[in-house]
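A short write-up of the structure that comes next.
The values are calculated or read from the model by the stated rules, or taken from the named source; none is laboratory data. Remember, predicted model here, so these are calculated numbers, not experimental data. Virtual Cβ from ideal backbone geometry, glycine too; neighbours counted across all protein chains shown. Just so you know, the surface numbers come from the protein's heavy atoms only, side chains and all, with ligands and any DNA or RNA stripped out. Shrake-Rupley method; radii C 1.70, N 1.55, O 1.52, S 1.80 Å.
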Amino acid sequence: MLSRVAASFYWLSRYIERSDGMLRMLKINYASSQDTIQEFTWEPVIRIFAGVNEDEADKLDNDSRAVLKYMVTGKNNPNSILSIITLARENARGVQEHITKDLWQCLNEYYHTVKDSRLERSLQREDPIGVLDVLIKQVMLYYGTVEITMERGEGRSFMNIGKYLERAIQSVDILDTKFSSISDNPDLLTDTTYWKHLLLSLGGYELYLKTYREGFEAENVLEQVVLNNDFPRSVIYSVNNIQRYFDRLKNDTNVDTFREMSFQIGRLQSRIKYSSVRSIRAEGLHLFLTQIRTELYGIGNSLNEYYFANS
C-alpha cells in the first residue's frame, strides 16, 4: 500500500475517534454544568481537546453555550468538531477509490450535518444534549459502516491502529487532567459525582457498576481506565489492539522496520500489563501517565517515519 494512502486511512480514523471522544465529553460536561453551576469549570475539557491555555479558556467566561459553539462549530478553532471532520473528509477524499461508497456517503453526511448552519443555531437555542446526540449517532453510524463494509486488508489495519492510538491518548489525557485536579481540590477524591462524570465521559459507567460493588473510589476508576482488559476505552485494551492490527502489516519487504516497531509497541504493552494500581501509585500517577503518553506519541512518530514517509 502506498504510504500516502496508509497515512490517509490512519488520520481519517484518528480524527473520527477524536470527534467521538470530544462529543461524549462535551455532552457529560454540559449536563454537569447544569447540576453544579457554582463549582463547574470547562477549563479541563478545553485544555484536553482544544489545546489552549488557562488564560484563553477564561476568555470563554465559563459560558456553556459559548464553549459548545467554540468546540463544535468554531471556525477559528483548529480542534473543533467542524475542523477535524473537515480534515477527516479530506483524507477520505484522497483515498475514495479505496473505501466503500457507503463509507464515503456516511462520512459526507457527518460533515454536512456539522457544517449545517442550523446546527449552530440549535446549540444556542435548543437543548444542546439533543444536538450532541445527533452527532454522536453520526459517529456510531460511521463505525458500523466501517465494520460491515470495509475489506479486512491493510487499509483497515491502519484505520484501527489510528483509532486505538487516539483512544489511548485520550484516556491518558483525561485521567491525568482529572487526577491532577484533585491536587488543587482534595475534596474531589470522595466526590462520587466527580468520578461518575469521568466514567460517563468514557462510556465506562455501567461496566464500573457491574465490576465494583463498594461505590466510587479513585483507585477503582484508575484500575478500570488503565488496566481493565474488558473495557473498550481502557489504555491496555487500546494498546493490545494496536499490537493486534500492527501484526497484520508484516510482510517480506518491511522485516526490519516491522521488528523495530513491534518491539516498541510490545514494550509499552508489557509496561502497562505488568503494572498494578499499587505500583502506579508508588511510581507516581502523573509520571506514569506522562511516560505512557510519550510512548504512544513515539509509536505515532515511528509510523510517520517508517510507513508514511513523513519524517
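Assess whether GLU305 counts as being free of Cβ contacts under 8 Å to residues at least 60 places away in the same chain, acidic (Asp, Glu) and open to solvent by 70 Å² or more (accessible area, probe 1.4 Å).
yes
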Could you tell me which of the residues ILE299, ILE280 is open to solvent by less than 50 Å² (accessible area, probe 1.4 Å), closer than 24 Å to THR192 by Cα, in a helix (DSSP H, G or I) and in contact with a Leu (Cβ under 9 Å, 6 or more places away or on another chain)? ILE280
Could you look through the range 251-277, keep only residues that are in contact with a Ser or Thr (Cβ under 8 Å, 6 or more places away or on another chain) and open to solvent by 20 Å² or more (accessible area, probe 1.4 Å), and pick out the one that is nearest to TYR307 (Cα to Cα)? GLU260
The condition of being over 19 Å from the mean Cα position of the chain (by Cα) and aliphatic (A, V, I, L, M) holds, among ILE174, ILE129, ILE136, only for ILE129
Need the failing condition index for ILE265 against (1) at pLDDT 95 or above; (2) closer than 17 Å to LYS163 by Cα; (3) not in a helix (DSSP H, G or I), just the number. (3)
The helices (runs of 4 or more DSSP H) lying wholly within the range 56-120 that contain at least 1 residues that are open to solvent by 70 Å² or more (accessible area, probe 1.4 Å) and of a type in the set (Asp, Glu) are 81-94, 101-115
Considering only the range 219-236, I want to know if a residue exists there that is open to solvent by 30 Å² or more (accessible area, probe 1.4 Å), within 14 Å of the chain's Cα centre (by Cα) and at positive phi. no
Could you please tell me which pairs satisfy a Cβ distance under 8 Å, a separation of 6+ or placement on different chains, a first residue in the range 180-196 that is assigned to a helix (DSSP H, G or I), and a second residue that is at pLDDT below 80 and open to solvent by 70 Å² or more (accessible area, probe 1.4 Å)? ILE182/LEU189; THR193/ASP35
